[in-house]
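Have a look at the structure below, then the notes.
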Amino acid sequence: MKQSSAPPAGADDIGTGTGDRDPAHYTKSGKLKSVIYEAEMERLQEQLVLLQYWIQSQGLKVLVIFEGRGSAGKGGVIKRITERTSPRTVRVVALPKPTERQKTQWYFQRYVEHLPAAGEMVLFDRSWYNRSNVEWVMGYCSEDEHQEFLRSAPEFERMLVRSGITVIKYWFSVSFEEQRKRFEERNAEPLKRWKLSDMDLAEHEYYVRYSMAKDTTFQYTDIKQAPWYVVPSDDKKGARLNCISHLLSQFDYVDVAPDVVKLPQMREVPYVRPPMHEQTFVPQLF
């Protein structure tokens, strides 16, 4: 895997890009224009399909962790990554709250069964880092449990890397003002209001404490074997393109897509099908 420089521990929640940006590609407010976004996303999704073939052919085991603030865009980029790829190769893991039994297990235990096998890329929509962020800020774990996690997580991830798993970690950041704007939009739209949970409201209220949690998490877990990559996401479209571009850059993949196949002719078999009127069809409204 190619390694790029990791963000410094305690990095700001929103950074600035360092690449050359064509002003014609952006709106007056500085957001990427939709026409540019759609064209580039189509190109990147084609590359993601090629990457999945490469992961299959090489038997790679790839784990991609998506963490960050509520409304920062983790779900959006995961959706775009999986939109064209095969769920047999690229699968998403988004675990619910642990059961009473799982609460008594080793903390990392319920995540282990979802780790990738050879030829798979697994996307964790939040992960074991719940402990050092949500659980710690909201008081769902003890201080001893928090400290033990900060000691254990780096060793656990080094063990995964030594076992042959490629671990890539993304942290999606969003400013307080942009997060408030997105929450207000969800609140105003009945079809999106389900996305605004009590936990989102608490996270917004304790924005500074979540910043403290992130900085502490980075201090202990931003390791060279599995560094954190921060994705500033006040511009959602730009954040998606930046994240996917970076993900692709981590692999020296080549095009091993299968060749076009010849479709077979239908084999004639002596068989008479039942009458069509014996089947129940959905109403033809369109």
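Protein heavy-atom accessible surface, 1.4 Å probe, per residue over region 158-218: 55 Å².
Give, in nm to one decimal, the length gained when the segment between Ile36 and Gln105 is fully stretched (0.36 nm per residue of separation minus the Cα-Cα distance).
Length difference between fully extended and current span is 20.1 nm.
For Ser86 and Met266, FRET efficiency with R0 = 25 Å and r from the beta-carbon atoms, rounded to 0.05? According to the calculation, E is roughly 0.45.
Close amide H partners of Phe172, meaning residues 5 or more places away or on another chain with modelled amide H under 5 Å apart, are Glu67, Gly68, Arg69, Val231. Checked against a 25 Å cut-off, the cross-linked pairs Lys169/Lys192; Lys61/Lys237; Lys31/Lys74; Lys74/Lys192; Lys74/Lys195 give Cα-Cα distances beyond that limit for Lys169/Lys192; Lys61/Lys237. Dividing the mean sequence gap of close Cα pairs (under 8 Å, 6+ apart) by how many residues region 169-274 holds gives a relative contact order of 36 percent. With all projection directions averaged, the alpha carbon convex hull of region 94-149 covers 4.3 nm². Our summary gives the chain a relative contact order of 32 percent, counting only alpha carbon pairs under 8 angstrom and 6 or more residues apart.
Express the carbon and sulfur contribution to the solvent-accessible surface of the chain as a percent, rounded to the nearest whole number, probe 1.4 angstrom.
After summing per-atom areas, the C and S share lands at 53 percent.
If I require 30 Å or longer along the helix axis, counting alpha carbons, and a Kyte-Doolittle average no lower than -0.5, what helices from the chain are left? Use full DSSP H segments. Sorted by number, the helices that extend far enough and score high enough are 34-58. Of the trypsin sites (Lys or Arg not before Pro) found in region 177-251, those in coil by DSSP whose Cβ has at most 14 other Cβ atoms within 10 Å are Lys192, Lys224.
The 3J(HN,Hα) values that the Karplus relation (6.51, -1.76, 1.60; θ = phi - 60°) gives for region 109-121 are, in residue order, 4, 6, 7, 4, 5, 9, 5, x, 8, 4, x, 10, 10 Hz. Gly and Pro appear as x. Taken over region 173-286, the convex hull of the Cα atoms encloses 299 Å³ per residue. Residues in region 93-143 average 52 Å² of solvent-accessible surface per residue, probe 1.4 Å, ligands and nucleic acids excluded. Its relative contact order, with pairs defined as Cα atoms under 8 Å and 6+ residues apart, puts region 95-156 at 24 percent. Rank Thr216, Ile168, Ser57 by how far each Cα sits towards the positive end of the charge dipole of the chain (+1 on Lys, Arg Cβ; -1 on Asp, Glu Cβ) and give me just the farthest. The residue sitting most towards the positive pole is Ser57. Against the empirical curve 2.2 N^0.38 Å, the C-alpha radius of gyration of the chain lands at a ratio of 1.18.
From the Kirkwood radius over Cα pairs of region 146-231, Stokes-Einstein at 25 °C and 0.890 mPa s returns a whole-number translational diffusion coefficient of 162 µm²/s. Diffusion coefficient (Stokes-Einstein, Kirkwood radius over C-alpha pairs, 20 °C, 1.002 mPa s) for region 41-190: 125 µm²/s, rounded to a whole number.
Per-residue ellipticity at 222 nm computed for the chain from its helices equals -12500 deg cm²/dmol, with DSSP H segments shorter than 4 residues left out and the rest contributing -39,500 (n - 2.57).
The values are calculated or read from the model by the stated rules, or taken from the named source; none is laboratory data. Just so it is clear, the model here is predicted, and its values are computed rather than measured. In this analysis, Cβ positions are derived from the backbone assuming ideal geometry, glycine residues included, and neighbour counts consider all displayed protein chains. Accessible surface areas use protein heavy atoms only, side chains included; no ligands, DNA or RNA. Shrake-Rupley method; radii C 1.70, N 1.55, O 1.52, S 1.80 Å.
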